[in-house]
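The values are calculated or read from the model by the stated rules, or taken from the named source; none is laboratory data. Here the structure is a predicted model, which is why all the values come from computation and not from measurement. A quick note on method: Cβ atoms are made from the backbone with ideal geometry, for glycine too, and the neighbour counts reach across all protein chains shown. Note: areas computed on protein heavy atoms with side chains; ligands, DNA, RNA excluded. Shrake-Rupley method; radii C 1.70, N 1.55, O 1.52, S 1.80 Å.
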Amino acid sequence: PIKLGILASGNGSNFEAVAQAIDTENLNAQIQVLIYNNPDAKAAIKAKNRGVEAILLNHRDYKNREKFDGVLVQTLQNYDVEWVILAGWMRLLTPVLIDAFPEQIINIHPSLLPSFKGIHAVEQALAAGVKITGCTVHLVCLEVDSGPIIMQAAVPILVDDTADTLHARIQIEEHRILPQAIALAAQRRSLLLNHV
Ligand code: GAR
């Protein structure tokens, strides 16, 4: 099994989707640790309910992003993490984290990238009047919400959608493709490594 470290700032529904995919043997992985940065993150409760170690690293306790990312890297390494999954992680990353896990950080984003980057992707799609949006799982590089795309799913926008109703339908697709994309990325990497 591949060893995952999950980073979450919020509800943790994507954390839960990954954990369920592991339970049902749709993803051959184990969750080494959940790290959360917001003391109120519901993801922490979900992790504890599953017996997954949940560690609070509050970014407000650190002088700058680099110091914070340094402690993140240390913690992920202490838990022997191979793949870092950003599952609703609402912090900008620095090279300190990205260089420590080269091409082994995966992000889920609630739009069809490269459209609607940033933290208000669902609202932006509604405001733009597009008729189709969706979600993207991609490898993380330094530029925010960019990097090689692993999987995407499309979600139609309905005339009476609000940000909440639309986000709820996007999340159904997120929960479906995130575990699949993790499996795909890990498979592909092991193939590449076996052939060098
Ligand atoms: C997800 O919809 C994810 O795509 C989004 O936050 C939500 C977290 O939900 N991420 C971003 O907007 C990143 N810029 P969850 O906490 O229930 O998994």
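Would you call residue 68 under 18 Å from residue 136 (Cα atoms) and open to solvent by less than 40 Å² (accessible area, probe 1.4 Å)?
Answer is no for this residue.
I'd like to know if the range 38-46 contains one or more residues that are touching a residue at least 24 places away in the same chain (Cβ under 8 Å), surrounded by 19 or more Cβ atoms within 10 Å (Cβ to Cβ) and closer than 18 Å to residue 186 by Cβ.
Taking every residue of the range 38-46 in turn, none turns out to be touching a residue at least 24 places away in the same chain (Cβ under 8 Å), surrounded by 19 or more Cβ atoms within 10 Å (Cβ to Cβ) and closer than 18 Å to residue 186 by Cβ.
Which condition number in (1) in a loop (DSSP other than H, G, I, E, B); (2) open to solvent by less than 70 Å² (accessible area, probe 1.4 Å); (3) over 29 Å from residue 154 (Cα atoms) is the one that residue 116 fails?
(3)
Here's a check for you: in the range 140-151, which residue that is within 12 Å of the ligand (Cβ to nearest atom) and in contact (Cβ under 8 Å) with a residue 40 or more places away in the chain is farthest from residue 130 (Cα to Cα)?
Only one residue fits best here, namely 140.
Look at the range 125-152 and say how many of its residues are in a helix (DSSP H, G or I) and open to solvent by less than 20 Å² (accessible area, probe 1.4 Å).
1
Could you grab me the full set of residues in the range 163-196 that are away from the ligand (no atom under 15 Å from the Cβ) and open to solvent by less than 70 Å² (accessible area, probe 1.4 Å)?
183, 185, 186, 189, 190
If we scan the range 96-112, do we find a residue that is open to solvent by 20 Å² or more (accessible area, probe 1.4 Å), within 13 Å of the ligand (Cβ to nearest atom), of a type outside the set (S, T, N, Q) and in a loop (DSSP other than H, G, I, E, B)?
yes
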